[in-house]
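The values are calculated or read from the model by the stated rules, or taken from the named source; none is laboratory data. None of these values were measured; they are calculated from a predicted model. Quick reminder, even Gly has a Cβ in these numbers, built from the backbone with ideal geometry, and neighbours come from all protein chains shown.
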Protein chains: 2
Amino acid sequence: MSPHDRIERALRASLTPVLQPGHPPQLAAAMLHAVFPGGARIRPKLTLAVAQACGEDDPALTDAAAAAIELLHCASLVHDDLPCFDDAETRRGRASVHRAFGERLAVLAGDALIVAAFDALGPAARRHLSRLPVLLRAITRGVGMPGGIVAGQAWECESQLSLQQYQQAKTGALFAAATMAGAQAAGADGEPWRALGERLGQTYQVADDIRDVMLDAQVLGKPGGQDVARDRPSYARALGLEGAMAEFQRLVQATLLSVPACPGATPLRQLIRREADRLVPQQLSDRIAAAA
Amino acid sequence: MSPHDRIERALRASLTPVLQPGHPPQLAAAMLHAVFPGGARIRPKLTLAVAQACGEDDPALTDAAAAAIELLHCASLVHDDLPCFDDAETRRGRASVHRAFGERLAVLAGDALIVAAFDALGPAARRHLSRLPVLLRAITRGVGMPGGIVAGQAWECESQLSLQQYQQAKTGALFAAATMAGAQAAGADGEPWRALGERLGQTYQVADDIRDVMLDAQVLGKPGGQDVARDRPSYARALGLEGAMAEFQRLVQATLLSVPACPGATPLRQLIRREADRLVPQQLSDRIAAAA
């Protein structure tokens, strides 16, 4: 089964309780709207790739961990899109959850997705119970305080922040949870995989900042130019487009060097290279160089 | 150590990561504001009481489970108070989180409290790892879909709802999680404790509906008369005050009969009787009878 199919199946399995008898129908619909159809599913793909690189021996546990991380990512998008934050009209090319279902159901859908992320982990860990506490901790720390995505979003409410700390929490932390959880689900130590996740997160963030400037809403599936419009810190704003592009290329190299020794290091590095090409295609890089 | 002291200590322990170096300061302050000083801490007290009734053998695990349930309750209050729901100015006698810290930090504080609830469970279960999956499941189902407190809140967004289903999800589910988690933390089966939690939740809900009508904001620590003002379903509205009072007394008896056979059944029943007297004191009951 392809990683894509595994992830979609795991997400549907994790959301099975949502449609059990007696559920409030609009909240169920809002949760499904937030998760399907998905975006690139980058984080859960990373979890699967790292588990395989570590000699995966419990695919059901990998799948549940990957689904948990994607559900938490979806939850954060729903809440980030709320009127009090970005007030985004669209997400993944269609109405954001609060535009489609109203603000109250968007708040609740985010909450329920966070809870759903943790709901499926216990049963999935029955074959390797000792992996559950470390997995749970890696995932909670990728989302919660003091340095997870919720903390990252909270830095936008502070008058003073460092760009690096903000980006690390807002993006790096959940990427680190994705790599660490992949290793942990396969019975390996998660800690050596933290740096890879953090660097990958930074790489994606720089790419995202470049894309926010260079691409239009149709390609992005959401409005472009939002970092300037919302006065948000951004690598493209801090370093200029050419500087951000150089930083992106430097980070891709650093990421490749961060892959720990493991049975499947080579295919993992190939995957990272392909992702880098997908994120910032050569023609985008050429346009930036030509404009400089 | 008294139950009160155990719970406050467990809550502080669960929130330790919030104040670790590198945290965004306003979000940390908002989370602490949401949790301290607390209300009656009814749910975690129930978890402790049930664990003791079941012959508690791992107090650290009971404490972590009790703290998780209280953090989830606090999170739900923060989100329920948001402008898109109740827009409550006050909570527990002082400013609600969104009034004190703004709407964005209130959304994030609720999210971060949900995550914090799950963060401390893994390490606390190290002595009895096999209890972790069942505890996790009981707690997630008390909060999430299809019938937890988030679902209860979502029923307010539906045009058709049954009062019983709404109250069961909004209040009963987390009470059931509290009793089940107490049993599970002590190594007992949680399922026989579900009915007690659900009935207790219903009892508290009826009491809350009566208090909303009869007591003023100073006693409640929040505005009174909200059920009518917000057109929310309520036992006092559905049954009249006298009918709600009769229902309360019937439920207290049913709750007492729901205590499963266990070493500490007698002190647990005494605790339930004391709580019933605290919730609807004799003089309140007399005033209702006199007005009828």
Exercise for the section: Under 8 Å between Cβ atoms, at least 6 apart or on separate chains: pull out the pairs that start in region A:19-30 with a residue that is touching a residue at least 24 places away in the same chain (Cβ under 8 Å) and at the interface with chain B (Cβ under 7 Å from one of its Cβ atoms) and end on any residue that is of a type outside the set (A, V, I, L, M) and part of a helix (DSSP H, G or I). Expected result: A:GLN26/A:PHE101
Practice task
Filter region A:92-103 down to residues that are in a helix (DSSP H, G or I) and either free of Cβ contacts under 8 Å to residues at least 40 places away in the same chain or on the phi > 0 side of the Ramachandran plot (or both) and give me whichever is surrounded by the most Cβ atoms within 10 Å (Cβ to Cβ).
Solution key: A:HIS98
Practice task
Determine whether B:LEU174 is at the interface with another protein chain (Cβ under 7 Å from one of its Cβ atoms) and closer than 30 Å to B:LEU27 by Cβ.
Solution key: no
Practice task
Would you be able to tell me the number of residues in region B:148-167 that are crowded, with 24+ Cβ neighbours inside 10 Å, within 8 Å of another protein chain (Cβ to nearest Cβ) and not hydrophobic (A, V, I, L, M, F, W, C)?
Solution key: 2
Handout entry: Residue count for region A:76-93, restricted to those that are within 14 Å of chain B (Cβ to nearest Cβ), out of contact with any His (no Cβ under 9 Å at 6 or more places or on another chain) and farther than 17 Å from B:PHE85 by Cβ
Key = 4
Fill in the blank from the handout: Taking first residues from region B:258-280 that are under 16 Å from B:PHE175 (Cα atoms) and second residues anywhere that are of a type in the set (Gly, Ala, Ser), the pairs with Cβ under 6 Å that are 6 or more apart or on different chains are B:SER258/B:ALA195; B:VAL259/B:ALA265; B:LEU268/B:ALA49; B:LEU268/B:ALA53; B:LEU271/B:ALA49; B:LEU279/B:ALA207
Handout entry: Residue that is farthest from the other protein chains (Cβ to nearest Cβ), among those in region A:118-131 that are part of a helix (DSSP H, G or I) and buried (at least 24 other Cβ atoms within 10 Å of the Cβ)
Key = A:ALA124
Handout entry: Check on B:GLN184, farther than 21 Å from B:PRO3 by Cβ, in a helix (DSSP H, G or I) and out of contact with any strand residue (DSSP E or B) (no Cβ under 7 Å at 6 or more places or on another chain)
Key = no
Practice task
Among the candidates B:ALA116, B:ALA181, B:ALA185, B:ALA151, single out the residue that is out of contact with any Pro (no Cβ under 9 Å at 6 or more places or on another chain) and not charged (D, E, K, R).
Solution key: B:ALA181
Problem - Where A:ALA106 falls short, out of the listed (1) surrounded by fewer than 23 Cβ atoms within 10 Å (Cβ to Cβ); (2) out of contact with any Phe, Trp or Tyr (no Cβ under 9 Å at 6 or more places or on another chain) - result: (1)
Fill in the blank from the handout: Of the residues in region B:237-278, those that are at pLDDT 95 or above and touching a Phe, Trp or Tyr at 6+ places or on another chain (Cβ under 7 Å) number 1
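Residues to consider are B:ASP189, B:ASP227; find the one that is farther than 22 Å from B:GLU70 by Cβ, touching a helix residue (DSSP H, G or I) at 6+ places or on another chain (Cβ under 8 Å), of a type in the set (Asp, Glu) and not in a helix (DSSP H, G or I).
Numbers: B:ASP227 fails: not in a helix (DSSP H, G or I).
Selected residue: B:ASP189, the only one of B:ASP189, B:ASP227 that is farther than 22 Å from B:GLU70 by Cβ, touching a helix residue (DSSP H, G or I) at 6+ places or on another chain (Cβ under 8 Å), of a type in the set (Asp, Glu) and not in a helix (DSSP H, G or I).
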Problem - Meets criteria (small (Gly, Ala, Ser), over 23 Å from A:ALA173 (Cβ atoms) and away from chain A (no Cβ under 12 Å)) for B:ALA49 - result: yes
Handout entry: Sole exception among (1) modelled with pLDDT under 95; (2) closer than 18 Å to A:LEU121 by Cα; (3) among the acidic types (Asp, Glu) for B:ASP86, by number
Key = (2)
Exercise for the section: For A:ILE139, indicate whether it is crowded, with 24+ Cβ neighbours inside 10 Å, facing chain B (nearest Cβ under 7 Å) and either modelled with pLDDT under 95 or part of a helix (DSSP H, G or I) (or both). Expected result: no
Exercise for the section: Filter region A:27-41 down to the residues that are over 18 Å from the mean Cα position of the chain (by Cα) and surrounded by 20 or more Cβ atoms within 10 Å (Cβ to Cβ), then identify the one that is nearest to A:THR90 (Cα to Cα). Expected result: A:ALA30
